[in-house]
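What follows is a single structure, written as structure tokens, with notes after it.
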Amino acid sequence: MADLRIDLAGIKSPNPFWLASAPPTNSGYQVQRAFEAGWGGAVWKTLGEPILNVSSRFAAVSFNGQRVAGFNNIELITDRPLEVNLQEILETKKRFPNHAIIASLMVEPKQEKWHEIVKKVEAVGVDGLELNFGCPHGMAERGMGSASGQVPELVERQTHWVKEVARTPVIVKLTPNITDITMTAEAAVRGGADAISMINTINSLAGVDLDSWNTVPHVGGKGAHGGYCGPAVKPIALNMVAECARNRFVNVPISGIGGISNWQDAAEFMLMGATGVQVCTAAMHHGFSIVEDMIDGLNNYLDDKGIASVMDLVGQSVQRYSNWGDLDLNYNIVAEINNDVCINCNKCHIACEDTSHQCIDMYTESGRPMLKVREVDCVGCNLCAIVCPVDGAISMVERRSTIPPMTWNERQSLISNFSR
Amino acid sequence: MTMSEYLLSLDEMKQVDAYLDKGFQVHSVNENLSGMFVEFKRLEEVVSLQILTAEARKYFAAKLLEQSMF
Ligand SMILES: Cc1cc2nc3c(=O)[nH]c(=O)nc-3n(C[C@H](O)[C@H](O)[C@H](O)COP(=O)(O)O)c2cc1C
């Protein structure tokens, strides 16, 4: 049994699986049930001046029968008074002293407002703070959430105000609604953040109803942009985590969030530099019990790999994430079709013929239709293997290049000596 | 015309090899919208070659590296 405990900037939890700040962490009732189910930590639904929500609030994008491929919401932060939440945090912490409870906070960008709320939540014994600079709707129009989180100076200044009074570790939660997330991550670090978390939701409109022409969701015939999350955003979140992890100025632990639905997703985020993960949509879709499979799966994976502690996974893939200009231009792979497994649907041929390099030939052998890759024209793009519906029918195999490795950057510096 | 460039790239690589085998040295390399333009020089003799295909441009860079190392 591997050691699943993590320590994220001094915040300890029995496993790396935390619930993200969202409806699953609205109340003491829910967080306590989540801890009973096995979650290692919970970031409480964002605390601030109690807001008013609209109805309806959520929409989901289903894709080809996969329900909730993406999830969209126009919900704001907590609508309950601070004292109600604090009382429940106190009770929950008393019942679960070894689980991590992090208070997510959002107030106006004023020093005294941050000081006030930090002191109040720390008084009930939270293990850490998460500053919500990410919520893209509603609160942003009031100068909070992503409106703060998109401006590096505001991130730095507000983090600094929090650090002036905070006694527990401060995590800064970043918005993905920005071109380069490392700019705000660096600002958080300059402000004194002990850790960063990402991503919050991505600006989105789930759809338009083709009968009524209303937005999805709509509130009495009107819509407003919401925030997108769930499995569809995972690659975006993973890249943002990786970009921060490999940035030498962002030298604080990362809590990874965005589309994490199972132990494999969690392990990927940890390999790419996250010390732990947070989950929202998957828990909303399937309930708290999904954490059981997450714990078992991660544990078995670590045992199979002979890794004693989950902390040993953190960041192992970061050095493999590089810049395009440092990739070897002469590394070669080609597609290989196994005609014993192929069902002759011809999707690979169509994809290659219509949208790639026209290198999959159709022929017949003893009256049987067959497909063959013309290797000399194959550029190793992977498209045929991606569209192939049968496991094992197409493999991408390495072909040793006849010329030595050379990156684009090396090539450009070589050629620059000859430009006359 | 398809994206299949194998034969053309082979031909271009052969031309690169041919100049190098004859004792020419790469003198200048310039790239623009039309591809790569290489001038080979042997004593006072200068010849130019336009390289179109991606594979041959990669190959040429490898040859240029060889020339630069010796
Ligand atoms: C309905 C809903 C409400 C949310 N409310 C908050 C919030 O109050 N504070 C916050 O920091 N993030 C909030 N989030 C964002 C999540 O914490 C998380 O960053 C995001 O959903 C990405 O994770 P996921 O793909 O696992 O859902 C909310 C998300 C959803 C779906």
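Read-outs: derived from the displayed coordinates by stated rules, not from any lab. Owing to the predicted nature of the structure, the values given are computational and were not obtained by experimental measurement. Methodologically, a virtual Cβ is constructed for each residue, glycine included, from the backbone with ideal geometry; neighbour enumeration extends over all protein chains shown.
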For the protein assembly as shown, what is the percent of antiparallel DSSP beta bridges, rounded to the nearest 5? 60
Could you pull out every residue, at least 5 positions away or on a different chain, whose amide H is within less than 5 Å of the one on A:Asn26? Hs are placed 1.01 Å off N in the peptide plane, and Pro or chain starts have none. A:Lys45
Unit charges at the beta carbon, dipole of chain A: most positive-side option, A:Ser317, A:Asn409, A:Leu82: A:Leu82
The range A:40-97 to the range A:221-250: how many Å between their Cα centroids? 18
Among the listed pairs A:Lys45/A:Lys110; A:Lys234/A:Lys347; A:Lys113/A:Lys173; A:Lys93/A:Lys234; A:Lys12/A:Lys110; A:Lys94/A:Lys305, which have their C-alpha atoms separated by more than 25 angstrom in this model? A:Lys234/A:Lys347; A:Lys93/A:Lys234; A:Lys12/A:Lys110; A:Lys94/A:Lys305
What one gets for chain B as the Kirkwood radius, inverse of mean 1/r over different Cα pairs in Å, is 12.4
Taking every residue of B:56-69, the Cβ atoms of other protein chains inside 10 Å of its Cβ average out to 4
With DSSP loop assignment and no more than 15 other C-beta atoms within 10 Å, the trypsin sites (Lys or Arg not before Pro) in the range A:36-72 are A:Arg57
Dipole moment magnitude, nearest 20 debye, chain A about Cα centre, only Lys, Arg, Asp, Glu C-beta charged: 700
When the Karplus curve 6.51 cos²θ - 1.76 cosθ + 1.60 is applied with θ = phi - 60°, which whole-Hz ³J(HN,Hα) does each residue of the range B:25-42 get, with x for Gly and Pro? 10, 5, 9, 8, 9, 9, 10, 8, 4, 9, x, 10, 10, 10, 10, 9, 10, 9
Would you kindly derive the ³J(HN,Hα) couplings of the range A:344-359 from the backbone phi angles with the Karplus curve 6.51 cos²θ - 1.76 cosθ + 1.60 (θ = phi - 60°), listing them in order in whole Hz, with x for Gly and Pro? 6, 6, 6, 4, 5, 4, 4, 4, 5, 5, 7, 10, 9, 10, 6, 10
Work out the charge dipole of chain A with +1 on the Cβ of Lys and Arg and -1 on the Cβ of Asp and Glu about the Cα centre, then indicate which of A:Gly125, A:Asn214, A:Phe63 is farthest towards its positive end. A:Gly125
State the percent of C-alpha pairs, over all pairs in chain A, separated by a distance greater than 32 angstrom. 45
Rounded to a whole number, what is D in µm²/s for the range A:1-160 from Stokes-Einstein with the Kirkwood radius over alpha-carbon pairs (25 °C, 0.890 mPa s)? 147
How big is the Kirkwood radius of the range A:259-327, worked out from every pair of different alpha carbons and given in Å to one decimal? 13.0
Space enclosed by the convex hull of the alpha-carbon atoms of the range A:324-398, per residue, Å³: 97
Between A:Val219 and A:Val165, what is the spin-label point distance in nm, taking each point 7 Å from the Cα along the Cα→C-beta axis? 3.0
How many angstrom separate the Cα center of the range A:332-410 from the Cα center of the range A:108-172? 52
Burial order of peptide ranges B:20-28, A:235-243, A:283-291 (average beta-carbon count within 10 Å, highest first): A:235-243, A:283-291, B:20-28
Give me the tail of P(r) for the range A:200-335 as a percent: Cα-Cα pairs with distance above 27 Å. 38
Taking θ as phi - 60°, what are the ³J(HN,Hα) couplings along the range A:128-135 by the Karplus curve (6.51, -1.76, 1.60), each to the nearest whole Hz, with x for Gly and Pro? x, 10, 10, 8, 8, 9, x, 4
Amide H neighbours of A:Ser104 at under 5 Å, excluding residues fewer than 5 places away on the same chain, with H built from the backbone geometry, are A:Trp44, A:Leu47, A:Glu130
Value of Rg to Rh for the range A:122-237 (Rh from inverse mean 1/r over Cα pairs, i.e. Kirkwood): 1.07
Relative to the longest principal Cα axis of chain B, at what angle does helix B:54-69 sit, 0 to 90 degrees, rounded to 10? 20
At B:Ala54 and A:Val54, where each label point lies 7 Å from the Cα along Cα→Cβ, what is the point-to-point distance in nanometres? 4.6
Report the normalised scattering of the range A:15-84 as log10 I(q)/I(0) at q = 0.14 Å⁻¹, calculated by the Debye formula with identical scatterers on the alpha carbons. -0.55
Other-chain or far-sequence residues with amide H under 5 Å of A:Asn330's (modelled H): A:Met406
